[in-house]
1. Within the range 184-211, track down each residue that is crowded, with 19+ Cβ neighbours inside 10 Å and touching a helix residue (DSSP H, G or I) at 6+ places or on another chain (Cβ under 6 Å).
2. Return the residue satisfying two criteria in turn: it lies in the range 73-89 and is out of contact with any helix residue (DSSP H, G or I) (no Cβ under 8 Å at 6 or more places or on another chain) and closer than 24 Å to residue 227 by Cβ, and of such residues it is surrounded by the fewest Cβ atoms within 10 Å (Cβ to Cβ).
3. Only residues that are in contact with a strand residue (DSSP E or B) (Cβ under 7 Å, 6 or more places away or on another chain) and closer than 11 Å to residue 29 by Cβ: list them for the range 86-104, please.
4. Pick out the one residue from 109, 118, 126 that is surrounded by fewer than 23 Cβ atoms within 10 Å (Cβ to Cβ) and within 26 Å of residue 23 (Cα to Cα).
5. Identify all residues within the range 6-18 that are more than 17 Å from the chain's Cα centre (by Cα) and surrounded by fewer than 23 Cβ atoms within 10 Å (Cβ to Cβ); write none if there are none.
6. Taking the condition of being over 18 Å from the mean Cα position of the chain (by Cα), more than 30 Å from residue 161 (Cβ to Cβ) and touching a residue at least 40 places away in the same chain (Cβ under 8 Å), how many residues in the range 187-221 meet it?
7. Test residue 166 against the stated conditions and say whether it is farther than 20 Å from residue 101 by Cα, exposed (fewer than 12 other Cβ atoms within 10 Å of the Cβ) and not assigned by TED's automatic domain parsing to the domain that holds residue 25.
8. It is to be established whether one or more residues within the range 26-46 are over 15 Å from the mean Cα position of the chain (by Cα), over 20 Å from residue 58 (Cβ atoms) and outside any helix (DSSP H, G or I).
């Protein structure tokens, strides 16, 4: 059996092969995106011309270190493609939970500015219902975060402030906190999306609904491609 890192690497290699000369590409954040950037760096060294739009400072540093030219949405407001990982993927709809890597606000801004969003995961990230395995990250304003925490708790979860190993609060690149909200399985993600969007103090949340063009899943049998089904055909 292939290990998880090998599955991520295989999916990332396939995704990197879909970047064409001259493209403006959003670059995700996290362990799977690491392998993507490594693969794209090799392609750039071989002559591929592209511009990367990083979703975090960590990704920007990594991309630069492997020779990928980087820019921002101010210079390139419309992207050809974004490639990123996910924490959970729901088949058929290809709805996602993202944000365990701490970059969900920037990731969603970049993804929403792209013509296509390719998600690369290993098979452990496929779930029947979002929230089945992971908490839902919610990025919140630092001011009054405890009041926001109470609002989120009233929606039926247990929100926990994300902290670093030294016990200090984790601060995103945008200067916000993250509350990891353990809802358990979320049967109505559209309703949850609306409720989170209306909660004062919430900057952004990790539900990525209706944004994904394709999911490349690394499995022990090879790469599996998932496409979104029309809403009427979903189970």
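1. Result: 186, 201, 202, 204, 205, 206, 207, 211.
2. Filtering the range 73-89 for residues out of contact with any helix residue (DSSP H, G or I) (no Cβ under 8 Å at 6 or more places or on another chain) gives 74-78, 80-81.
Right, trim to closer than 24 Å to residue 227 by Cβ and you get 78, 80-81.
Numbers: 78: 9, 80: 17, 81: 19.
For the range 73-89, the residue satisfying everything is 78.
3. 98, 99, 100, 102, 104
4. Values: 118 fails: surrounded by fewer than 23 Cβ atoms within 10 Å (Cβ to Cβ); 126 fails: within 26 Å of residue 23 (Cα to Cα).
After ruling out the rest, the residue left standing is 109.
5. So in the range 6-18, the residues more than 17 Å from the chain's Cα centre (by Cα) come out as 6-7, 10, 13-14, 17-18.
Scanning the range 6-18 gives 6, 10, 13, 14, 17, 18.
6. So the answer is 2.
7. Values: farther than 20 Å from residue 101 by Cα: no; exposed (fewer than 12 other Cβ atoms within 10 Å of the Cβ): yes; not assigned by TED's automatic domain parsing to the domain that holds residue 25: yes.
No: the conditions fail for residue 166.
8. Kept after step one, since they are over 15 Å from the mean Cα position of the chain (by Cα), are these residues of the range 26-46: 38-46.
Subset that is over 20 Å from residue 58 (Cβ atoms): 43, 45-46.
From what's left, outside any helix (DSSP H, G or I): 46.
Yes: the range 26-46 contains one or more residues that are over 15 Å from the mean Cα position of the chain (by Cα), over 20 Å from residue 58 (Cβ atoms) and outside any helix (DSSP H, G or I).
The values are calculated or read from the model by the stated rules, or taken from the named source; none is laboratory data. A quick note: this is a predicted structure, and the numbers were derived from the prediction, not measured. We place every Cβ from the backbone using ideal geometry, glycine too, and count neighbours over all the protein chains shown.
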